[in-house]
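Before any comments, here is the structure.
The values are calculated or read from the model by the stated rules, or taken from the named source; none is laboratory data. Just so you know, these numbers come straight off a predicted model, no measurement behind them. Because the Cβ atoms are built from the backbone with ideal geometry, glycine has one as well, and the counts that use them run over all protein chains shown. Heavy atoms of the whole protein, side chains included, go into the accessibility calculation; ligands, DNA and RNA do not. Shrake-Rupley method; radii C 1.70, N 1.55, O 1.52, S 1.80 Å.
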Amino acid sequence: MKPKANVLHLPVYQPGKPIEEVKRELGLTEVIKLASNENPFGCSPRAIAAIRVEMENIHYYPDGEAGALRLKLAELLDVQLNQIILGSGSDEVILMLARAYLVAGDETMMSTHTFPQYKHNSEIENAVCIEVPHSKEGKHDLHGMLSRMNERTKIVWICNPNNPTGTIVSHAELERFLRLVPPHVLVVVDEAYSDYVTHKDYPDGIRLLKDYPNLVLLRTFSKIYGLASMRIGYGVGHPDVIRTINQVREPFNTSRFAQAAALAALEDQAFVERCRMHNREGIIQLRSEFDNLGLLYFEPHGNFILVDVQRPSKIMFDELLKRGVIIRGGHALSFQTHIRVTVGRTEQNDKFLRALREVMAIVAQR
């Protein structure tokens, strides 16, 4: 049997190593995972309660259109119901966008260092991926993207905050970009980490939707809401765009449990605010120690920091793993001396920093 030629070279996505696997492989009893940008504070107790209630309905199919959840989101975001589509994580909305809009020969554009699923799903559709290098500050080069656009350009992907650099595009920068983008180009702004951002210049994407029908926003319940295992996210855009995406959506693509948990999580904004506050405290804690160690890092606005440890990232990853700390090695992200670390609870950050100092000293002597 012969598969599609354009998928033969595609890599399989490599997630962060599970805690259970590390314990089993290395014989460790205490392991912390700071690799996948999960919420170290879990999720709202209201979400857990909603999941328990939903156990009584496990034999029923979910609402395929996720009506109650979409209605709540429309109310909170001040958009119309037909402007929202749900997915199995925002990852699936990325997949649906690529499936709905890209054909062989289309061009699609993203940063050289960004969330890999934009390129992955585009290549499955046999589109031509144009990768534009980010600035030295780790930000999207919007001017460079504009200069590479042509009549074949179909989708531009902007991750904001960007994964893995953690940097943001400001409201003024994004609005200027949207004004100059040709109307036939769909601009997808992935705001998976937007709930963590506290910077005053961060874009108000919902407001921009009113003026730019070629704009789509992606959001998720996997990060600050702590529902990563539930696999639920959503897209917001012009009704015509959302209808097109809906035409390629699989039936029942989000579970009853995910919908119920997400709906309950939205009702607990106090939990979200606490997580945002603790995350800022954790960033200050990590940055302070990185500064003491003389390490450079990109300006963080999500719940992670990409830091240059000035040593081979694969060795740093392996040595930290032996000490029960799972991080994301930059070698997997095309940053050969960087590591990406999720902001954890205070005690997790302490454990990571102790291990980091120890490992840096050992590796420096080799």
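Give the Debye-formula value of log10 I(q)/I(0) at each listed q (0.13, 0.16, 0.18 Å⁻¹), with one equal scatterer per alpha carbon of segment 1-103, two decimals each. Scattering profile of segment 1-103, log10 relative to I(0): -0.91, -1.15, -1.20.
3J(HN,Hα) along segment 230-235, derived from phi through the Karplus expression 6.51 cos²θ - 1.76 cosθ + 1.60 where θ = phi - 60°, amounts to 6, 6, 8, x, 7, x Hz, with x in place of Gly and Pro. Ordering 171, 104, 269 by the projection of their Cα atoms onto the charge dipole of the chain, which places +1 on the Cβ of Lys and Arg and -1 on the Cβ of Asp and Glu, puts 104 at the extreme positive end.
Relative contact order of the chain, taken over Cα pairs closer than 8 Å and 6 or more residues apart, is 23 percent.
Taking amide H as placed 1.01 Å from N in the peptide plane, residue 190 has its amide H under 5 Å from the amide H of 158, 159, 160, 218, each at least 5 places away in sequence or on another chain. Rounded to the nearest 20, the Cβ-based charge dipole of segment 188-317 about its Cα centre (Lys and Arg +1, Asp and Glu -1) stands at 340 debye. According to the calculation over all Cα-Cα pairs in segment 195-268, the P(r) per 10 Å bin from zero is 16, 40, 37, 7 %.
With only Lys, Arg, Asp and Glu charged, each at its Cβ (+1 for the first two, -1 for the last two), find how big the charge dipole of segment 111-257 is about the Cα centre; round to the nearest 20 debye. If you can, show how the numbers build up before the last one.
Working: 17 positive and 16 negative charges, 45 e Å.
Dipole of segment 111-257, to the nearest 20 debye: 220 debye.
For residue 163, the residues 5 or more places off, or on other chains, whose built amide H falls under 5 Å of its own are 115.
May I ask you to derive the relative contact order of segment 60-163, considering only C-alpha pairs under 8 Å and at least 6 residues apart, and to give it as an integer percent?
Values: 119 pairs, mean separation 26.0, N = 104.
Once normalised by length, the contact order is 25 percent.
Computed from point charges on the beta carbon alone (+1 for Lys and Arg, -1 for Asp and Glu), the dipole magnitude for the chain about its Cα centre is near 660 Debye.
Over the chain, with every protein chain in place, what whole percent of the accessible area is carbon and sulfur at 1.4 Å, could you tell me? That fraction is 53 percent. Residue ranking by accessible heavy-atom surface, 1.4 Å probe, largest first, among 2, 322, 72 comes out as 2, 322, 72. For segment 320-332, backbone phi angles converted through the Karplus equation (6.51, -1.76, 1.60; θ = phi - 60°) give residue-by-residue couplings of 5, 4, 4, 9, x, 10, 9, 10, 9, x, x, 4, 7 Hz, Gly and Pro being listed as x.
Only lysines eight or more places from residue 223 in sequence, or on another chain, were considered; those with a Cα closer than 16 Å are 33.
Under 5 Å between amide hydrogens, built in the peptide plane, is the criterion, and for residue 128 it picks out 105, 106, 107, 108 among residues at least 5 positions away or on other chains. Based on Cα contacts under 8 Å between residues 6+ apart, segment 189-244 shows a relative contact order of 34 percent.
Here the average projected area of the convex hull drawn through the C-alpha atoms of the chain stands at 19.8 nm². Overall size of segment 128-258 from C-alpha positions, given as principal axis extents largest first: 44, 33, 29 Å. The residues of the chain expose on average 45 square angstrom of accessible surface per residue, using a 1.4 Å probe on protein heavy atoms.
Computed with every protein chain present, the accessible area of residue 210 is close to 140 Å² [probe 1.4 Å].
Report Rg/Rh for segment 202-349, rounded to two decimals, where Rg is the Cα radius of gyration and Rh the Kirkwood radius. Taking Rh as the inverse mean 1/r over Cα pairs, Rg/Rh reads 1.04. A protection proxy built from the mean count of other Cβ atoms within 10 Å ranks the segments 7-20, 157-170, 327-340, most packed first, as 157-170, 327-340, 7-20. In whole Hz and in residue order, list the ³J(HN,Hα) couplings for segment 214-227 that follow from phi through the Karplus curve 6.51 cos²θ - 1.76 cosθ + 1.60, θ = phi - 60°; x for Gly and Pro. Going residue by residue, I get 9, 9, 10, 9, 10, 9, 9, 9, 7, 9, 5, 7, x, 10 Hz, with x marking Gly and Pro.
Extension gain for residue 207 to residue 337 (0.36 nm times residue separation, less C-alpha to C-alpha distance): 42.9 nm.
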